[in-house]
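Worksheet: the structure to be examined is printed underneath.
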Amino acid sequence: MSLRIGLVVYGLDRPPTGIARYTHELARGLACLPAPPDIVLLVAGGLGPLAGQTPFAQVGLPGCRLLPGLLTAGHAVIARAARRLRLDVVHDPTGVAPFLANRKRFRTVLTLHDVFPWSFPGYSTRLDTIIYRHWLPRMAPRVDAIVTDSLHSKQDIQSFLHVPANRIAPIYPGVSPAFKPAPSGEVEAFLGARFGLVSPYLLYAGMLTPRKNIGRILQAFGRVHADFPGLRLVLAGPRSGRSLPPETLDGLAPAGAVHFTGVVGDEELAMLYRGASLFLFPSLYEGFGQPILEAMACGAPVLTSDRSSLPEVAGDAALLVDPLDVAGIASSIRRVLYEPGLDEQLRQRGEAQAARFSWQRTAEEVLAVYERTLDGG
């Protein structure tokens, strides 16, 4: 008899985030398995890009479209749905564990991507602080299994939330097939028409938050730009409440040399990766670092941080830098621009590294967690 799994789907009906992308790709990966489990999507809000893409049944979670609602009303709403639908396991990939009510009626799996408010304090919102520092220490030890994105995150969860190692499964996310190389002429035409961009440019993609080290990216670019006046820096992604204010750009980078795209879709993002002379991701802390794999899969050379999970994910396929060292970041950028053959070497290594990560394998390993959890393992 097939397992009956409830997968909590949150945030897919608004601008994409890393957690929403994970939920989307995991659901599609599970649907494509040779023997998929019987999954019900427990939908908080809307399905967004999943609409019409999976064969799974869908049940709404009233009052849970926003995270505070999922964190409060979600406990009772999910418990009632699990009982009515006779679910064996409920999996919450959002990381908030709304499992307080009637837990004994079903097994619980939580994807906890990282614990950055503990690991890297001072860079989180008030809601993140409440969830990670006050709520999860109570709930994480009570769930039946935790899936996380890297060995580094597993160590952090053990250390800060005191969850036994045998209940934490490090399972790497995959890379969407949408991220792959394309002919240079096609890329140039798209970037010119859509963004008014021409090569060469450096690229950062992700939330524009201090934790992503945007200020030092701008400072390093400012140092390099003096030697490469035609070089541009593209920052692709949404601003947050803690984004770098526009006025702080003064003095960090030359006027007119920095291009903000705002939120971009997957097609636009893939084209930006493909056209970049170098992808910059010297983040101060990451539980995984999905953008570096997406960039590698598209054929972009990558520079990333030597901290947290990023060396684990990048392997030998990226330039690793101290994210606090602006001079070191600038020097590594110059290496890619000056050193013959280095960019091509990074491209080849990056494509090989990205090929090691697939959503099918992620889905297979997550399914194995469901099975072990139900068996009491």
Would you confirm whether or not the stretch 24-40 contains a residue that is touching a strand residue (DSSP E or B) at 6+ places or on another chain (Cβ under 7 Å), at pLDDT below 90, under 28 Å from Glu268 (Cβ atoms) and assigned by TED's automatic domain parsing to the domain that holds Leu161? no
Hey, does the stretch 63-74 have a residue that's part of a loop (DSSP other than H, G, I, E, B) and crowded, with 23+ Cβ neighbours inside 10 Å? yes
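Out of Arg138, Arg133, report the one residue that is under 22 Å from the mean Cα position of the chain (by Cα), in a helix (DSSP H, G or I) and without any contact (Cβ under 8 Å) to a residue 60 or more places away in the chain. Give the derivation first.
On the way: Arg138 fails: under 22 Å from the mean Cα position of the chain (by Cα).
Answer to the check: Arg133.
Which ones in the stretch 5-26 are of a type in the set (S, T, N, Q) and part of a strand (DSSP E or B)?
Initial filter on the stretch 5-26 (of a type in the set (S, T, N, Q)): 17, 23.
None; the set is empty.
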The stretch 5-48 - residue that is surrounded by 17 or more Cβ atoms within 10 Å (Cβ to Cβ) and basic (Lys, Arg) and, of those, farthest from the chain's Cα centre (by Cα): Arg28
Residue under question is Asp156, and the condition is that it be in a loop (DSSP other than H, G, I, E, B), surrounded by 22 or more Cβ atoms within 10 Å (Cβ to Cβ) and out of contact with any strand residue (DSSP E or B) (no Cβ under 7 Å at 6 or more places or on another chain); does it hold? no
Can you tell which of Gly328, Gly315 is on the phi > 0 side of the Ramachandran plot and either surrounded by fewer than 16 Cβ atoms within 10 Å (Cβ to Cβ) or at pLDDT 95 or above (or both)? Gly315
Which residue is surrounded by the most Cβ atoms within 10 Å (Cβ to Cβ), if the candidates are limited to the stretch 101-129 and must be β-branched (Val, Ile, Thr) and outside any strand (DSSP E or B)? Val115
All but one of (1) within 30 Å of Leu293 (Cα to Cα); (2) touching a residue at least 40 places away in the same chain (Cβ under 8 Å); (3) touching a helix residue (DSSP H, G or I) at 6+ places or on another chain (Cβ under 7 Å) hold for Phe106, so report the exception by its number. (1)
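Residues that are among the aromatic types (Phe, Trp, Tyr) and closer than 27 Å to Leu12 by Cβ: does the stretch 165-177 have at least one? Outline the logic, then answer.
Step one: list which residues in the stretch 165-177 are among the aromatic types (Phe, Trp, Tyr), which gives 172.
If we keep only those that are closer than 27 Å to Leu12 by Cβ too, we end up with 172.
Yes.
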Among the residues listed as Gly52, Gly46, the single one being of a type outside the set (D, E, K, R), in contact with an Asp or Glu (Cβ under 7 Å, 6 or more places away or on another chain), more than 30 Å from Ser309 (Cα to Cα) and not in a strand (DSSP E or B): Gly46
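The values are calculated or read from the model by the stated rules, or taken from the named source; none is laboratory data. None of the values given here were measured: they were computed from a predicted structure. Cβ: placed from backbone, ideal geometry, glycine included. Neighbour counts: every protein chain shown.
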